[in-house]
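Report on the structure given below.
The values are calculated or read from the model by the stated rules, or taken from the named source; none is laboratory data. Quick caveat: nothing in here was measured; it's all calculated off a predicted structure. All Cβ positions, glycine included, derive from the backbone under ideal geometry; neighbour counts span all protein chains shown. For the accessible areas, the whole protein counts, side chains as well, though only heavy atoms, and no ligand, DNA or RNA atoms are used. Shrake-Rupley method; radii C 1.70, N 1.55, O 1.52, S 1.80 Å.
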Amino acid sequence: MTDKTVLTYPQVKDAGLEDWRWLVEGLHARFATGDFATGLALAGAIGAAAEEAGHHPDLDLRYPFLAVRLVSHDVGGVTDRDLRLARRISEIAAEQGVPATPAEVQVLELALDTADHAAVLPFWRALLGYADSPLYPGREILDAAGRLPTVWTQLTDAHETPRQRWHLDVVVPIEEAQGRIDAALAAGGVLVTAEHAPAFWVLADPEGNRACVCTPEGRSGQADAEPSTGE
């Protein structure tokens, strides 16, 4: 194994990174800075560590928090470089007294139900200015800058409109999934199926519009075998 070897989700999960969660091709952490000055100081220290390591994270500094995403862009996945820098960032945050809040990390993904990935993805790639996913070629396209949601194509049976084609995939850590589902059900939603849990649960709003609560469990490396949501 080298620094260019893309790690699997189980390998990342077993690395013991308590502050971090693997969600959609990257390591994510969120640190509760509480104020902008603290966040700026933490971002500066992370930047210095990143320069020293020669490996650079994506930082999102807001007033009450600093979100950090780690991925090895040259290979399109998480590698040992990311694990090492994640550990160093956690050390820096602890030294500055800034707690991690892993329960608050999540990723929003746009999922398009289609019976023909090859027919539809070129259009959306061109329209959005996206690039092909290195991990899921032919199934997924990405914003190279990491600013906009990933577009994932979900295999389904061929059908005519107006059946729902687009749905949202809300990707959360496995330990947060049931709470998110319970909250959606309490807000008037219904559980359509848990057949594919813990990879994903299909829910619907009171008018039948569907969405999925997803976790990394069962997804990594399963792209070609993922079943239809029936949408």
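Numbers at a glance
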{"quantity": "Any hit, the stretch 70-83, residues being closer than 30 Å to G218 by Cα, assigned to a loop (DSSP other than H, G, I, E, B), open to solvent by 30 Å² or more (accessible area, probe 1.4 Å) and among the polar types (S, T, N, Q)", "calculated": "no"}
{"quantity": "Whichever residue in the stretch 35-48 is surrounded by 14 or more Cβ atoms within 10 Å (Cβ to Cβ) and within 24 Å of the chain's Cα centre (by Cα) and, among such residues, is farthest from D14 (Cα to Cα)", "calculated": "G39"}
{"quantity": "Residue in the stretch 134-149 that is in contact (Cβ under 8 Å) with a residue 24 or more places away in the chain, open to solvent by 50 Å² or more (accessible area, probe 1.4 Å) and under 27 Å from A103 (Cβ atoms) present", "calculated": "yes"}
{"quantity": "Residues of the stretch 4-54 classified as in contact with a Phe, Trp or Tyr (Cβ under 9 Å, 6 or more places away or on another chain) and small (G, A, S), total", "calculated": "4"}
{"quantity": "Strands (runs of 3 or more DSSP E) within the stretch 108-187 that include 1 or more residues among the polar types (S, T, N, Q)", "calculated": "150-155"}
{"quantity": "Selected residue (criterion: surrounded by the most Cβ atoms within 10 Å (Cβ to Cβ)) from residues of the stretch 161-217 that are among the acidic types (D, E) and modelled with pLDDT of 90 or more", "calculated": "D169"}
{"quantity": "Residue, most open to solvent (accessible area, probe 1.4 Å), within the stretch 18-34, restricted to residues that are aliphatic (A, V, I, L, M) and closer than 15 Å to G77 by Cβ", "calculated": "V24"}
{"quantity": "Candidate set from the stretch 49-69 (those that are free of Cβ contacts under 8 Å to residues at least 24 places away in the same chain and outside any loop (DSSP other than H, G, I, E, B)); member that is most open to solvent (accessible area, probe 1.4 Å)", "calculated": "E52"}
